[in-house]
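First comes the structure, then the notes that go with it.
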Amino acid sequence: MLVAAFAASATFAHPMGNFSVNHYARIEAAPGGLRIRGRFKEDIAERALRRLIERHESLRTVFRNSDDGPVQHIRESFEFTLQCVDLSDLDPEQQEQRVREAADADALQPFDLTNDLMLRAKLIRLSDDAGVLLFNLHHIASDGWSMAILMDEFSALYEASRRASPIL
């Protein structure tokens, strides 16, 4: 069961007048996460996230420089792997500290707008039946409102896949 979404915040200055896709963009990231209770299958989560990325062109959009400025390019194919970290051997206090550190580090990691998917995800396993699924979306593809919708959609895709139901 997926429960209680949380959000971290990271804001980066970005003067749009100097926009160039030759560097790593540090606009605003939209990090967040889901606390997980119960059995959670990493392979099903990875499939659900891939399906989510397939369904939303904005998550596959990269930007290329042209003579007229940056141009959007929607990637038809992509690679995505859910990063997994197992902290089950740590005590709960250490786990929470490491989760906060991981969320903070990911929030500060820039997206390469010329290559990266606009969604990153990491599963932090706390025990056999508990964990945290961290998400980070670039604000060029999402905002706080759409983050909640994407998390709901991820949950629905995960449950459909878990039950072997057809995924739309």
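Taking the stretch 42-80 on its own, how many of its residues are surrounded by fewer than 11 Cβ atoms within 10 Å (Cβ to Cβ), over 15 Å from Leu119 (Cα atoms) and of a type in the set (S, T, N, Q)? Counting residues in the stretch 42-80 that are surrounded by fewer than 11 Cβ atoms within 10 Å (Cβ to Cβ), over 15 Å from Leu119 (Cα atoms) and of a type in the set (S, T, N, Q) gives 1. Over 18 Å from Phe40 (Cα atoms), surrounded by fewer than 17 Cβ atoms within 10 Å (Cβ to Cβ) and not acidic (Asp, Glu), is that true of Ser88? No.
Among the residues of the stretch 101-119, some residue qualifies, meaning at least one is within 19 Å of Phe154 (Cβ to Cβ), out of contact with any Leu (no Cβ under 8 Å at 6 or more places or on another chain) and assigned to a loop (DSSP other than H, G, I, E, B).
For Arg39, the criteria (1) touching a residue at least 40 places away in the same chain (Cβ under 8 Å); (2) not in a loop (DSSP other than H, G, I, E, B) hold in every case but one, which is (2). With respect to the conditions (1) within 19 Å of Ser155 (Cα to Cα); (2) surrounded by fewer than 20 Cβ atoms within 10 Å (Cβ to Cβ); (3) out of contact with any strand residue (DSSP E or B) (no Cβ under 6 Å at 6 or more places or on another chain); (4) touching a residue at least 40 places away in the same chain (Cβ under 8 Å), Gln83 lacks only one, and its number is (3). Of all the numbered requirements in (1) within 10 Å of the chain's Cα centre (by Cα); (2) in a helix (DSSP H, G or I); (3) surrounded by fewer than 20 Cβ atoms within 10 Å (Cβ to Cβ), Lys122 misses one, and that requirement is (2).
If we scan the stretch 46-57, do we find a residue that is in contact with a strand residue (DSSP E or B) (Cβ under 7 Å, 6 or more places away or on another chain), within 20 Å of Phe135 (Cα to Cα), without any contact (Cβ under 8 Å) to a residue 40 or more places away in the chain and among the acidic types (Asp, Glu)? Talk me through it step by step, then tell me what you get.
To start, the set of residues in the stretch 46-57 that are in contact with a strand residue (DSSP E or B) (Cβ under 7 Å, 6 or more places away or on another chain) comprises 49, 53, 57.
Filter once more, keeping what is within 20 Å of Phe135 (Cα to Cα): 49, 53, 57.
Still in the list and also without any contact (Cβ under 8 Å) to a residue 40 or more places away in the chain: 57.
This time we only want the ones that are among the acidic types (Asp, Glu), so: 57.
Within the stretch 46-57, one or more residues are in contact with a strand residue (DSSP E or B) (Cβ under 7 Å, 6 or more places away or on another chain), within 20 Å of Phe135 (Cα to Cα), without any contact (Cβ under 8 Å) to a residue 40 or more places away in the chain and among the acidic types (Asp, Glu).
Got at least one residue in the stretch 82-93 being part of a strand (DSSP E or B), over 17 Å from Arg51 (Cα atoms) and of a type in the set (A, V, I, L, M)? Let's see the steps before the verdict.
Here is the first cut: in the stretch 82-93, the residues part of a strand (DSSP E or B) are 83-86.
Within this subset, residues satisfying the condition of being over 17 Å from Arg51 (Cα atoms) are 84-86.
Filter again for of a type in the set (A, V, I, L, M), leaving 85.
The answer is yes; a qualifying residue exists.
Test Ile140 against the criterion of being modelled with pLDDT under 95 and either part of a loop (DSSP other than H, G, I, E, B) or charged (D, E, K, R) (or both), and give yes or no. Can you show your working first?
On the way: modelled with pLDDT under 95: yes; either part of a loop (DSSP other than H, G, I, E, B) or charged (D, E, K, R) (or both): yes.
When the stated conditions are applied, Ile140 passes them.
The values are calculated or read from the model by the stated rules, or taken from the named source; none is laboratory data. Quick caveat: nothing in here was measured; it's all calculated off a predicted structure. Note that we place each Cβ from the backbone using ideal geometry, even for glycine, and neighbour counts take in every protein chain shown.
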